[in-house]
Amino acid sequence: MSPPPTAGNAGGLFFPQTQSLGIDRTEWSPTLQRKIVRAGTQNASFAKGSADLLDYLDLKVDAKQVERVTERIGAARCAQRDAAVERYLSLPLTERKGKPEGVTAPDLAVVSVDGGRLQIRRAAPAAAAEGADAALPPDDQHRGTHWREDKIGLLMTMTSAAQARDPCPQVPAAFVDPTRIAKLARELKTKQAARPEAAGETETPAEAAQVLRAEGEAVPWEPPEVKDKHLTATRRPWAAFGPMVAARAWRLGFFQAARRAFVGDGSDNVWAVWRRHFASFVPILDIIHALSYVFAAAMAGRGFADGWRWYERWITWVWQGEVTQVIADLTHRQAELGLPQDGDGDTHPRQVVSTALGYLQNHQDQMRYPDYRRQGLPITSSYVESAVKEFNARVKGTEKFWTEAGAEALLQLRADYLSPSTVLADFWQDRQENATGQTRYEMAA
């Protein structure tokens, strides 16, 4: 009897166009993955992203799958970012302060960094028994809640005109308006004193600064205008974050810009980034934070009328770059009140004056505001404060808990979508061109 003319099974069934369409074992082509990732990143939650995909595209993808695809792509982008940082750090120091070939340096480059908040799931009990805190970034050790810090870097190209003289030597009327300044000081104090999980829910300095400009008010000096904003973000420690910002600045040609500025609040971590990576940039302390310390010190232990008189005097000096005179007055005031004593709370006049005095002494070289205005540089960090809120809109919430890997992936993707670069378009194009129709496996280290 002759054998049957059919061949035996050679393998499982497969879709013949899998490779040409780039469909991997997730069953989604790069084009559909791009839509899923956008929905998962740009919406407030994965569930909302899933609902939008169904509503707008008739694409049924449950929230968990949106989460998995989004975090997988975010991890791939983090790997690309880290490789770019390594390449940057491998350059000779002189080249690190240059720019890539073909990149045109901007006229005015501004860098700002700040920290936000999000919730990270705690380590499992077994890990905790082995000392889970030791595995946390140093910035997060010894914190007793789920709230942890993310780091946001904002790199801006701006336009302005340098001038021979200070275009606004007189303090604006809005800076000496009692109603506005009292309101601004309360908002900043609330934000700074809020619990970590509440921080940022109040108005940021970017919003609070709007009280300094009444509707229709004539403004004698206009700050630089923003051309482009580029963002980077991470959950990693500040020591790892600094090189990320520097690598991005190098790719944008910032180190060769004609005018360069670094603007921040009084955080030690912020100024450590400046010293290590941006020392050639003009250091500028956010004037709104300086104002809040001056106002608090002026009011410490005084009635409002008397305190306001001192505030007007001091903020005028700050605006005009005469910070040493404010420091001299505060030193005298500290002598009157005495040094802080054990048991003094943060709101005790002795402690308030001591804190403000230390703040101004530490940052007086970053408070040359007449020079900054003359050079056409910004004097507020409100831009990065607003950027932090844009990240918070996706990753922060009392009901949102992230793994470290998930948080890092979403922060990277959020930065990609908030930046005008073509990095995501290039990523998806490369993914399409290199699609094999098979799952990419990674070998364990």
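The values are calculated or read from the model by the stated rules, or taken from the named source; none is laboratory data. Just so it is clear, the structure is predicted and the values come from calculations on it, not from any experiment. Glycine gets a Cβ as well: all are built from the backbone with ideal geometry, and neighbour counts include every protein chain shown.
At a glance:
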| item | result |
| --- | --- |
| In region 59-117, residue nearest to Ala161 (Cα to Cα) [restricted to those that are assigned to a helix (DSSP H, G or I) and among the hydroxyl-bearing types (Ser, Thr, Tyr)] | Thr94 |
| Criterion violated by Tyr56 - all others in (1) part of a helix (DSSP H, G or I); (2) hydroxyl-bearing (Ser, Thr, Tyr); (3) at pLDDT 95 or above satisfied | (3) |
| Hits in region 387-424 (condition: among the small types (Gly, Ala, Ser), under 17 Å from Met156 (Cβ atoms) and not in a loop (DSSP other than H, G, I, E, B)) | Ala387, Ala415 |
| Cβ-Cβ under 8 Å pairs, at least 6 apart or on other chains, region 273-299 side part of a helix (DSSP H, G or I), far side of a type in the set (Lys, Arg) and surrounded by fewer than 24 Cβ atoms within 10 Å (Cβ to Cβ) | Ser292/Lys189; Ala296/Lys189; Ala297/Arg333 |
| In region 399-417, the residues that are farther than 22 Å from Thr31 by Cβ and touching a strand residue (DSSP E or B) at 6+ places or on another chain (Cβ under 8 Å) | Lys400, Phe401, Trp402, Thr403, Glu404, Ala407, Glu408, Leu411, Ala415 |
| Residue list for region 312-358, filter: modelled with pLDDT of 95 or more, out of contact with any helix residue (DSSP H, G or I) (no Cβ under 7 Å at 6 or more places or on another chain), more than 30 Å from Pro167 (Cβ to Cβ) and charged (D, E, K, R) | Glu336 |
| Subset of region 278-307 [over 18 Å from Arg350 (Cα atoms), surrounded by fewer than 22 Cβ atoms within 10 Å (Cβ to Cβ) and of a type outside the set (Val, Ile, Thr)] | Ala279, Ser280, Phe281, Pro283, His289, Ala305 |
| Boolean, Thr380 is of a type in the set (S, T, N, Q) and not assigned by TED's automatic domain parsing to the domain that holds Arg117 | no |
| Residue identified as under 24 Å from the mean Cα position of the chain (by Cα) and either surrounded by fewer than 18 Cβ atoms within 10 Å (Cβ to Cβ) or of a type outside the set (Ser, Thr, Tyr) (or both) among His363, His332 | His363 |
| Verdict on Gly307 being part of a loop (DSSP other than H, G, I, E, B), farther than 20 Å from Leu89 by Cα and not polar (S, T, N, Q) | no |
| Matching option when the condition is within 29 Å of Pro237 (Cβ to Cβ), assigned to a helix (DSSP H, G or I) and polar (S, T, N, Q), among Thr331, Thr380, Thr355, Thr324 | Thr355 |
| Flag if Val211 is in the same structural domain as Phe254 (by TED's automatic domain parsing), modelled with pLDDT of 90 or more and among the β-branched types (Val, Ile, Thr) | no |
| Condition check for Lys99: in the same structural domain as Met244 (by TED's automatic domain parsing) and surrounded by 13 or more Cβ atoms within 10 Å (Cβ to Cβ) | yes |
